[in-house]
Amino acid sequence: MATKLPRKLEQKMAIMGEQIRLARLRRNLSIAQVAERATCSPLTISRIEKGSPTVSIGIYARVLYALQLDDDLLLIAKEDTLGRTLQDLNLKHRQRASAK
């Protein structure tokens, strides 16, 4: 089943896959070695490195763990600038009830 993503998101997935590929190469590991450490198939590693949206996030996490990059998962949505701005806009100043 092919999952169609918006073009901008496809580009980001491709960049993420390339970053994972470069991390693997910097460690001088083969696709087979990473697949063995992440307990998945070499084909799955290839799909990750191509930015395939059909690979589960759990597999991505295992691959990052195999590359000792699992702390990077904590960076996802860490700086929620838009959300914090919206939250601040919704804060209302407390007003006291009028004296009766």
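The values are calculated or read from the model by the stated rules, or taken from the named source; none is laboratory data. Because the structure is predicted, anything quoted here is derived from the model rather than measured. Backbone-built Cβ (ideal geometry, glycine too); neighbour counts: all protein chains shown. The protein model used for the area step is the full one, side chains on, heavy atoms only, and it has no ligands, DNA or RNA in it. Shrake-Rupley method; radii C 1.70, N 1.55, O 1.52, S 1.80 Å.
For the range 22-33, check the following and say yes or no: at least one residue is in contact with a helix residue (DSSP H, G or I) (Cβ under 8 Å, 6 or more places away or on another chain) and modelled with pLDDT under 95.
Taking every residue of the range 22-33 in turn, none turns out to be in contact with a helix residue (DSSP H, G or I) (Cβ under 8 Å, 6 or more places away or on another chain) and modelled with pLDDT under 95.
Output the residues belonging to the range 41-71 that are under 12 Å from the mean Cα position of the chain (by Cα), open to solvent by 50 Å² or more (accessible area, probe 1.4 Å) and within 17 Å of A14 (Cβ to Cβ).
Matches in the range 41-71: P53, I57.
Can you tell me which of (1) of a type outside the set (K, R); (2) touching a Leu at 6+ places or on another chain (Cβ under 9 Å); (3) at pLDDT below 95 is the one T54 doesn't meet?
Against the list (1) of a type outside the set (K, R); (2) touching a Leu at 6+ places or on another chain (Cβ under 9 Å); (3) at pLDDT below 95, T54 comes up short only on (2).
Taking the condition of being assigned to a helix (DSSP H, G or I) and either in contact with a helix residue (DSSP H, G or I) (Cβ under 8 Å, 6 or more places away or on another chain) or polar (S, T, N, Q) (or both), how many residues in the range 66-88 meet it? If you could, list the steps in order and put the result at the bottom.
To start, the set of residues in the range 66-88 that are assigned to a helix (DSSP H, G or I) comprises 66, 70-75, 81-88.
Still in the running and either in contact with a helix residue (DSSP H, G or I) (Cβ under 8 Å, 6 or more places away or on another chain) or polar (S, T, N, Q) (or both): 66, 70, 72-73, 81, 85, 87.
Going through the range 66-88 one residue at a time, the tally reaches 7.
What tally of residues in the range 17-39 results from selecting those that are open to solvent by less than 30 Å² (accessible area, probe 1.4 Å) and either free of Cβ contacts under 8 Å to residues at least 24 places away in the same chain or not in a loop (DSSP other than H, G, I, E, B) (or both)? Reasoning before the result, please.
Within the range 17-39, the first condition is being open to solvent by less than 30 Å² (accessible area, probe 1.4 Å), and the residues that meet it are 17, 20, 23-24, 29, 34-35, 38.
Filter again for either free of Cβ contacts under 8 Å to residues at least 24 places away in the same chain or not in a loop (DSSP other than H, G, I, E, B) (or both), leaving 17, 20, 23-24, 34-35.
Going through the range 17-39 one residue at a time, the tally reaches 6.
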